[in-house]
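Data first, discussion second: the structure below is written as structure tokens.
Read the figures in this text as sums done on the coordinates, not as results from a lab. Source: prediction; values computed, not measured. Methodologically, a virtual Cβ is constructed for each residue, glycine included, from the backbone with ideal geometry; neighbour enumeration extends over all protein chains shown.
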Amino acid sequence: MAKQKFDEIDRRKVIAELEKEFKVHLQSIGNRRIYLTDDNARRYCVLGGYEDWHGIPRDIMEREENDPSDTILVIAKRRRTSIDIFCGPFSPLIRNKKKLTRTNTGQFEFNLQSRGAALFVKEVPDLVLSKLGMTEYSQAGREHDVAKAEALAALQRLSPEERRQVLNSLANDSET
């Protein structure tokens, strides 16, 4: 069996939960899908995975260092049928970035430890991420979201005329 990986479908699920919880709309900052902003210009760094290590790209660390904010660090811990979501302040990572491992691409990496309903960053022990919640995410639910994303991508590749034809065909099918 292939190693499971936290992917964009999982990230969208987490982002939808964040939007619901904080009552905001999140959109990407630049081309980074992990770096988002809400309607009030608050920033979020959304990381996820099955493992207990994560990395933050150099450009995000530099932006946070050069333009300090009350950015929220979000860690989504993927399990087989659910995703646990943890949140905490991003700023302790900036203050302690010298303690983080730096890859040859400039990414800053850190490791997590679970204790109760919290996550701790091993390299920055005073950084505590509190559990925001948990969302059920069964294999069937995930497969539905994958199919939906694939259908949307296929529709977006169509010309306006081709889209109109597809919609007309679907409307005619539902009438019979």
Taking Cα pairs closer than 8 Å and at least 6 residues apart, the relative contact order of the stretch 35-176 in percent is 20
What the Cα atoms of the stretch 1-46 span along the principal axes, largest first and in whole Å, is 43, 23, 11
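Among the listed pairs 13/122; 77/98; 77/122; 98/122; 98/131, give every one whose C-alpha distance is greater than 20 Å. List each step's numbers first, then the result.
Numbers: 13/122 27 Å; 77/98 25 Å; 77/122 16 Å; 98/122 13 Å; 98/131 26 Å.
From 13/122; 77/98; 77/122; 98/122; 98/131, over 20 Å: 13/122; 77/98; 98/131.
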Computed ³J(HN,Hα) along the stretch 40-55: with the Karplus parameters 6.51/-1.76/1.60, θ = phi - 60°, integer Hz and x for glycine or proline, the list is 9, 6, 6, 9, 9, 10, 9, 10, x, x, 8, 8, 9, 10, 9, x
Given a Förster distance of 35 Å, the FRET efficiency implied by the Cβ-Cβ spacing of residue 24 and residue 161, rounded to the nearest 0.05, works out to 0.45
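Using alpha carbons only, what's the Rg to Rh ratio of the stretch 83-135 with Rh from Kirkwood?
Numbers: Rg = 11.9 Å, Rh = 11.8 Å.
That ratio equals 1.01.
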Quick calc: nm separation of the 7 Å Cα→Cβ label points for residue 111 and residue 32 -> 2.4
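Give me D for the stretch 29-75 in µm² s⁻¹, whole number, from Stokes-Einstein with Rh from the Kirkwood sum over alpha-carbon pairs, 4 °C and 1.567 mPa s. It would help to have the intermediate numbers written out before the result.
Values: Rh = 11.3 Å.
Translational diffusion coefficient: 114 µm²/s.
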Checking rank on 31-43, 86-98, with mean other Cβ inside 10 Å and highest first, the result is 86-98, 31-43
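Against the 2.2 N^0.38 Å scaling, with N counting residues, where does the chain land? I'd like the Cα-based Rg ratio to two decimal places.
Compared with the compact-globule rule of thumb, the chain sits at 1.21.
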Filtered hits (aspartates and glutamates, Cα-Cα < 20 Å from residue 148, offset >= 8 within chain) -> 7, 8, 10, 17, 19, 136, 162, 173
Measuring from its Cα centre, the chain shows a charge dipole (+1 at each Lys and Arg Cβ, -1 at each Asp and Glu Cβ) which, in debye to the nearest 20, is 620
Extend 7 Å from the Cα of residue 50 along its Cα-to-C-beta direction; within the stretch 83-123, residues with backbone N under 20 Å of that point are 83-86, 110-114
